[in-house]
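The values are calculated or read from the model by the stated rules, or taken from the named source; none is laboratory data. Small disclaimer: the values here were computed from a predicted structure and weren't measured. Heads up, the Cβs are rebuilt from the backbone with ideal geometry, glycines too, and the neighbour counts pull from every protein chain shown. Surface accessibility is based on the protein's heavy atoms, side chains included, excluding ligands, DNA and RNA. Shrake-Rupley method; radii C 1.70, N 1.55, O 1.52, S 1.80 Å.
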Amino acid sequence: MRHSSSFHHESIAFFETELFKRIQLEGLFNDSKTICDAKPNSSWLELVTLYEKDKNQVAFSLSEFVGAHFTLPQEIVLNASGSPASLAEYIQSLWPKLTRAPDNNQSNSTLMALHHPYIIPGGRFREIYYWDSYFTALGLKLSSHTRLIESMVLNFIDLQDTLGCIPNGNRSYYYSRSQPPVLAMMVDLCMENSDSVDHDFMQRCLTGMEQEYRFWMRGQDQLNGPGEACYRTVSMPCGAVLNRYWDDLATPRSESYLEDVELAAEFSAPQRPEFYRNIRAACESGWDFSSRWLADERTLSSIQTTKIVPVDLNCLLYRLEATLGKYHKLLGQDVQGALFVALANRRKEAINRYFWSAEQNYYFDYQFEQQQPLPVRSLAGALPLYVNIASEQQAKCVKHSLMSTFLRDGGLVTTLNTSGQQWDSPNGWAPLQWFAVVGLRNYDYIQDGDDIMQRWLKTVQGHFAASGNIMEKYNVQSLDSLADGGEYEVQHGFGWTNGVTMAFYDLLAKSNT
């Protein structure tokens, strides 16, 4: 991982200043992300110098200073205008509104410039997000925007070339962590049903995927025995190396500074860095936050993300290894292809060894320090079906659990715990519906997958009819209620809901032909 000095974002230094911390701690904005996305009207250095000069003046007002010297970001409001004939038509109308042209120089902003067009989710999310982009791309593909998907892939590879990883999003405050690795799946989307193979693009993607793999496997050569962990790698009892979520920083998140500092007050000063790193690692997971990561499901301060080997992360890394093997062989690079196939097979064996519970007939995350599965039953347990590494019997058991314990009127609930966190019951999320449905279809449970899709679409359509909006997440248990939980209000937009909705319409149409 390269350090912040290797790319030109003076904004990172701003996050360490008294001015930034004071703005956050005095709660000038309801959303801590607001000031992080604001643009200073002069350089960052000039702004801080001016603050130091003015702050002790009797008439100094922090809110007036911020109002005078920052341009605040605007929410992206996408309510349906007019009367779209259908939800699908409305989604088609959203793509241009969520598309951003290549960025100009963003040195006076926290936004990291991208050289190709891209899609943002919407709402408070005014930048690209890594794992969101794959699910958004599902809809773009069906809307004949394959070139835009290719552009997003190239943006991620460019960012990775600069930062050493594909960051959470293209903001300077996200540079120290990634998100669930979906680059291989985006590359597959670009390549499938293609009339001709662009070998230059494929080689660029192959190099990018290999670099991403090195990012996740960094530190494995420093593991000396079972139970040891280094960065994102963990040595398992059998000698296999699996992965966890991590963040290279152990400080409050800039975009949630006030929330982190207030919660960290429960700890002594020496304990706070571990708490901050666990909070940040959960953000890398995309599940921020969930009882999956908590020692006490009701207490966010009990977060222990870095002690957990997650089943879904390792399934996605299996997919990355298998995809690297496939494309190396396609390009005639058989030795490298065989190497990655062998790595994928070893990970597959370890996933079924450590995450599968024969007693519970389901896949669970693994606490590597205690060397035992964790008790939280979540939709992450559907990922082995999504990447086709479950046996027929395991798939049957997971299917039974999904349909008998997770299924609600409006789709699949995220976990069976009602903790108050947004990645728990009663909330449902589009990406997890997709993983589960495709996983079931991989094992020919077509009717069950169709049932989930129909319930989810009923939820999305119902809220759209009532509000004219597509939402980031939904309450799938009470369809008349909005989803809640999390550090911000439920967002409108919304990239991955749009994409999965389009993909579900397509799959259901194929099921009915």
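At a glance:
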| item | result |
| --- | --- |
| Distant-in-sequence amide H partners of Arg408 (H built 1.01 Å from N, under 5 Å) | Val413 |
| Neighbourhood charge, 10 Å Cβ-Cβ cut-off, centred on Thr415 and excluding it, Lys, Arg +1 and Asp, Glu -1 | 0 |
| Mean shadow area of the range 329-400 over all directions, Cα convex hull, nm² | 6.0 |
| Whole-Å distance, taken between Cα centres, linking the range 248-284 and the range 226-243 | 24 |
| Three-way shape call for the range 26-164 based on the alpha-carbon gyration tensor, with the a/c threshold at 1.5 | oblate |
| Selected from Asn56, Thr323, Asn469, residue furthest toward positive end of dipole (the chain; charges at beta carbon) | Thr323 |
| Per-q log10 I(q)/I(0), the range 247-333, q = 0.16 Å⁻¹ (Debye; single scatterer per alpha-carbon; no solvent) | -0.66 |
| Shape parameters for the range 134-235, alpha-carbon atoms, Rg then Dmax in Å | 15.6, 50 |
| Charge dipole (the chain, unit charges on Cβ, about Cα centre) - positive-most of Leu148, Tyr90, Ser11 | Leu148 |
| Helix 495-511 axis, angle to the chain major axis (alpha carbon atoms, nearest 10°) | 20 |
| The chain, relative contact order in percent, only Cα pairs under 8 angstrom and at least six apart counted | 14 |
| Fraction of alpha-carbon pairs over 21 Å apart in the range 348-463 - percent | 34 |
| Separation of the Gln220 and Glu26 label points, Cα + 7 Å toward Cβ, nm | 5.0 |
| Ser478 paired with Ser93, simple spin-label distance in nm, labels 7 Å along Cα-to-beta-carbon | 3.1 |
| Value in Å of the Kirkwood radius, where the range 80-159 supplies the Cα pairs that are averaged | 13.5 |
| With 10 Å bins from 0: P(r) over the range 253-393, alpha-carbon pairs, percent | 11, 34, 27, 19, 7, 1 |
| Between the range 131-200 and the range 394-467, the alpha-carbon center distance in angstrom | 25 |
| Charge dipole (debye, nearest 20) of the range 126-220; +1 at Cβ of Lys and Arg, -1 at Cβ of Asp and Glu | 420 |
| Between 0 and 90°, nearest 10: helix 130-142 axis offset from the chain longest Cα axis | 60 |
| Rh (Kirkwood; distinct C-alpha pairs) - the range 390-434, Å | 11.2 |
| Charge context of Ala137, other residues only, Cβ under 13 angstrom, K/R +1, D/E -1 | -2 |
| Long-range Cα-Cα pairs in the range 184-340 (distance over 23 Å), rounded percent | 49 |
| Computed [θ] at 222 nm, helices only, for the chain once each DSSP H run of length n ≥ 4 contributes -39500 (n - 2.57) | -14500 deg cm²/dmol |
| Rounded percent of accessible protein surface that carbon and sulfur make up, the range 294-419, 1.4 Å probe | 46 |
| Separation of the Gln461 and Val58 label points, Cα + 7 Å toward Cβ, nm | 6.8 |
| Dipole in debye (nearest 20) - the chain, about Cα centre, beta carbon charges: Lys, Arg +1; Asp, Glu -1 | 700 |
| Compactness index (Cα Rg / 2.2 N^0.38 Å), the range 205-249 | 1.20 |
| Protein-only accessible surface order, largest first, of Leu47, Leu28 at 1.4 Å | Leu28, Leu47 |
| The range 175-263: projected area of the alpha-carbon convex hull, averaged over directions, in nm² | 8.8 |
| Nearest-0.05 FRET efficiency for Ala101 and Asp444, computed from C-beta distance (R0 45 Å) | 0.55 |
| Local net charge near Gln491, Cβ-Cβ under 10 Å (Lys/Arg +1, Asp/Glu -1) | -1 |
| D_trans [Stokes-Einstein, Kirkwood Rh over alpha-carbon pairs] for the range 401-508, 25 °C, 0.890 mPa s, µm² s⁻¹ | 180 |
| Helix 44-54 vs. the chain, principal-axis angle (Cα, 0 to 90°, nearest 10) | 40 |
| Surface/4 of the Cα convex hull for the chain, nm² | 24.8 |
